[in-house]
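Derivation of every value follows stated rules applied to the coordinates shown; laboratory data play no part. All values reported here derive from a predicted model rather than from experimental measurement. As a convention, Cβ positions derive from the backbone with ideal geometry for all residues, glycine included, and neighbour counts pool all protein chains shown.
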Amino acid sequence: MKLDPSFIWTAFLQLWSAVPTTLYITVVSVSVGFVIGIITALARIYRIPVLSQLSSGYVTFIRGTPMLTHLLLIYFGLPMLVDGLSAHYGLGWNSAKIPMIGFAYISFSITAGAYLSEVVRSGLLAVDRGQMEAAWSVGMTTPQALRRIVFPQALAASLPNLSNSVIGMLHGSTLAFTVSVVDLNAKAQIVASTNWKFFESYVAAALIFWGLTILIERITGLIERRIRVYSKGGVA
Amino acid sequence: MIKLNGIRKSFGRHEVLQGIDLTVNKGEVVAILGPSGSGKTTLLRCINYLEKPSDGQIQIGDFTLDCKHAGKKDIYSLRQRSAMVFQQYNLFSHKTALENVIEGLIVVKKVGKEEARKRGIELLEKVGLGAKLDAYPSQLSGGQQQRVGIARALALEPEVILFDEPTSALDPELVGEVLAVIRRIAKEGITMIIVTHEMGFAQDVANHVVFMDGGVIVEEGNPAELFGNPKEERTKQFLKRFTTEYSYSI
C-alpha cells in the first residue's frame, strides 16, 4: 500500500463536518464540569458537612477510573435508571429517546467536573488568605469577597491548568465514538474505511486536532495576558 | 468610642487573650506594645472580627456585639465600623491603587462610581500617591503599598482604624514615609489603635499606651508616664531593651 498525500486533503475537507460535534462535546463538558468543579471545590475548601465528603468521594472515584469507563457506565446505567423511575412513578419517559450525544455530554461533564474540581481548588488555594481578610475588613460579605476579590485571582492562577483540562477534554471527546457519536475521530474512521485509506484520514484528523489545540493555547495566551497584567511587577 | 469588655480568645488549649478590657475615646490614638506572642495582634484582629473571640463584648460607637451570640449580620456591621491596615498590606493584587481605595466605597457603601473615584483620588493624593493611581500593587514599593492600604482604610470613614504592625514588613528606609502619613492622619482626630514595635513613634504619636504580655494588659497609661516611669516590673524589663544601649560590645 502506498501513501496517497492528495487524499489527506480530501479527507481533511470531509472531516470538517464533524468538527462541530467534537467542539460541542468539549464545550458542554468543560462548561458543566467547571460549574461542578467550583461547587465541589468550595465544598471541600470550606469543609461543608456531607457535601465536602460527597465531593471528595466523587473526585477520587472519577479521577481513579478511566473516562471510557464513565461513558460506558452512563451508557448502560442511565437507561436503567430512567426506565426504572419512569415505570415506578408512571412518568412515561423512555430511555430510547435520549440522543446518543446526550450520553457523551453527561458522562464527560462528570469526568471534567472531577478534574476541574482540582484545578479550581488549586486556584483558590493560590490566593493569599490576606486577600479575603482585606475584603472582610473593608466590610464585604463573604460572597462579595469571593466574587470580586478571590475568584478573579483564582482564575488567573488556574488558567494554565484550565487550558490543559480543555485540551484533555477535546482529545478525550474522541471516546464518544464508542456510543456511536460521529465526532472527528469517528468521521475519520468512516472516511478511511469507505476509501481504504486509513493512514491518510487519521493524518487529516490529527492535523485538525492539532490546529484546534493550538487555537486553545492561543486563546488562553491572550486571556492570560489580559488578566495577568497586574502581576507584571516592576515600577510603573 | 470603642469599648472592649472581657475579650477572650483561645487557639486550641492555649488562651491567647485572657479577658481584655479596653476603652478608647473618640479621636484618641492608642498604641499597643508588647513582646511577640503577647496577643496584641490577635486583640486587634478580634476588633475587626478576623478572629472570632470566644467571649466578651465589643462596642464601636453605638453598636455592641456580644461575641457569644454574634450572627453574620452583626459581624458585617461590626466590620463596617472599623478598617484594618495590615502588616503585609494585603492590597487586592488584581486591582490598581485607585480601585483598591474605592472598592469598599462602591461595593459596601454603594457610593456612585464617579463620586468614589473623586474621593479615591483625593485620598491617594493625601498619602502622596497622586501619580500612582493606575499602578498595580506589584508595581509599588512596600511603603507605597502600605500608604495605599491606609488610603483604603480612610476611604471607608470608619469609627476606628486598626493598624497591625504597619511598618514591620518594610525596609528601614521606607518606614519613615509610612509613619509620616500615620502621624498626619492622627492629627486629624481619627481614632486609631496601633500595634507597633516603633517605640519612638508610639511615644510621640499616641495619647494612650497599652503594654500587653501573656494575653493580659499589664499596664496602660499616657506615654510620658508609661515610658518614663513604668510601674510594673514586666514593663520595665520590656522597655529597658529599647531605652538602653546593648550592654555587650563587639
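Computed quantities for the displayed model
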{"read-out": "Sum of side-chain charges, A:S117 neighbourhood, beta-carbon under 11 Å (Lys, Arg +1; Asp, Glu -1)", "value": "+2"}
{"read-out": "Computed label-point distance, nm, for sites A:D128 and A:L73 using a 7 Å Cα→Cβ extension", "value": "4.1 nm"}
{"read-out": "Of B:H197, B:I20, B:I47, farthest towards positive along the dipole that unit charges on Lys, Arg, Asp, Glu beta carbons give chain B", "value": "B:I47"}
{"read-out": "Peptide-level mean, for B:86-93, of C-beta atoms on other protein chains within 10 Å", "value": "6"}
{"read-out": "Least to most buried among B:R234, B:R119, B:R79, B:R45 (fewest other Cβ within 10 Å first)", "value": "B:R234, B:R119, B:R45, B:R79"}
{"read-out": "Exposed-site-free run, longest, chain A (rule: trypsin sites (Lys or Arg not before Pro); DSSP loop; at most 11 other C-beta within 10 Å)", "value": "A:48-231"}
{"read-out": "Which of B:K240, B:K132 has the fewest Cβ neighbours within 10 Å, and the rest in rising order", "value": "B:K240, B:K132"}
{"read-out": "Relative contact order [Cα under 8 Å, 6+ residues apart], chain A, whole percent", "value": "31 percent"}
{"read-out": "For chain A, built as a Gaussian network whose Cα springs stay under 10 Å, the top-fluctuating residue of A:Y75, A:Y105, A:Y89", "value": "A:Y89"}
{"read-out": "At R0 = 35 Å, FRET efficiency that the Cβ-Cβ distance of B:A131 and B:E225 yields, to 0.05", "value": "0.25"}
{"read-out": "Average other protein chain Cβ within 10 Å of Cβ, residues B:136-142", "value": "4"}
{"read-out": "Over the range A:15-136, relative contact order from alpha-carbon pairs under 8 Å, at least 6 apart, %", "value": "43 percent"}
{"read-out": "Percent antiparallel among DSSP beta bridges (both partners in the range B:83-221, rounded to 5)", "value": "45 percent"}
{"read-out": "Euclidean distance of C-alpha centroids, the range B:85-112 and the range A:109-124, integer Å", "value": "30 Å"}
{"read-out": "Packing-based exposure ordering (other Cβ within 10 Å, fewest first) of B:V30, B:V85", "value": "B:V30, B:V85"}
{"read-out": "Per-pair calculated FRET efficiency, R0 = 51 Å: A:L23 and B:K52 via Cβ, rounded to 0.05", "value": "0.55"}
{"read-out": "On Cα atoms only, tilt of A:19-45 relative to the major axis of chain A in degrees", "value": "30 degrees"}
{"read-out": "Estimated distance in nm for a label pair at A:V50 and A:Y89, the labels positioned 7 Å out from Cα along Cα-to-Cβ", "value": "1.9 nm"}
{"read-out": "Net charge dipole size for the range B:108-205 [Lys, Arg +1 and Asp, Glu -1 on Cβ; Debye, nearest 20]", "value": "480 debye"}
{"read-out": "Normalised contact order of the range B:64-143, rounded percent, pairs of Cα under 8 Å and 6 or more residues apart", "value": "31 percent"}
{"read-out": "Of all DSSP beta bridges in the protein assembly as shown, antiparallel share, percent nearest 5", "value": "60 percent"}
{"read-out": "Sites B:K26 and A:I223, calculated FRET efficiency, Cβ-Cβ separation with R0 56 Å, nearest 0.05", "value": "0.70"}
{"read-out": "Most mobile of B:Y49, B:Y136, B:Y76 in a GNM of chain B (Cα contacts under 10 Å)", "value": "B:Y76"}
{"read-out": "P(r) tail fraction, chain B - alpha-carbon pairs more than 31 Å apart, %", "value": "25 percent"}
{"read-out": "Inter-label distance for A:S6 and A:T194, nm, one decimal - labels placed 7 Å from Cα along Cα-to-Cβ", "value": "2.0 nm"}
{"read-out": "Residue among A:N161, A:N185, A:N94 with the largest mean-square fluctuation in a Gaussian network model of chain A, springs linking Cα atoms under 10 Å", "value": "A:N94"}
